[in-house]
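Since the structure comes first, as structure tokens, the remarks are kept for the end.
Bear in mind these aren't lab numbers, they're just calculated from the coordinates by the rules spelled out. Because the structure is predicted, anything quoted here is derived from the model rather than measured. Please note: Cβ atoms are built from the backbone with ideal geometry, for glycine as well, and neighbour counts cover all protein chains shown.
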Amino acid sequence: MSVVVVKKTETREREEIVAVVCDSCKRRFTDIMELQEMLRWYMKGGYNSKFGDGADISVDLCQECIEKRLGDCLQVSNHTWDAFLTEEELAKKYQTESPVATGWKCVKCDWSQNGLEPQPAFTEKPCGCCSDFVCPKCGGAVDQT
């Protein structure tokens, strides 16, 4: 018994990014460490887009230009484990105020109250779909603090 082996060779073409030019500083980057830090962004303009309906919009920025142009509005976290911290732990770690409500105060008068739930409790609005809490002193709107 003989076995016939068929060998098939195929040549395929593929595109590979070997360099990227920063659209801001015009420097050309070829180093893989720099390339992986670049921002490559693309979108298609939607209806009534400032750039035109269906316009192709893109930008390539190196990390230095990202910092220069977007630095003040970037949200950078150096700790991937932050996702497992409570809001209070994050506030303490980054020395910011806790986003968790700690009390209530009236927007009209001097009434205020500590605690997560206001007393008296929320009352159902006439619409029946939501609840509301009004100041027991003046009937004004109440905000969380």
Label-point separation, LYS105 to TYR47 (7 Å along Cα→Cβ), nm: 4.4 nm
Loop-located GluC sites (Glu not before Pro) in the stretch 28-77 whose Cβ has at most 14 other Cβ within 10 Å (DSSP): GLU37
Pick out, in residue order, every one of the trypsin sites (Lys or Arg not before Pro) in the stretch 1-57 that is DSSP loop and has at most 14 other C-beta atoms within 10 Å; say none if there are none. LYS7, LYS8, ARG12, ARG14, LYS26, ARG27, LYS50
Ranked on Cβ counts within 10 Å of their own Cβ, fewest leading, SER77, SER24 go SER77, SER24
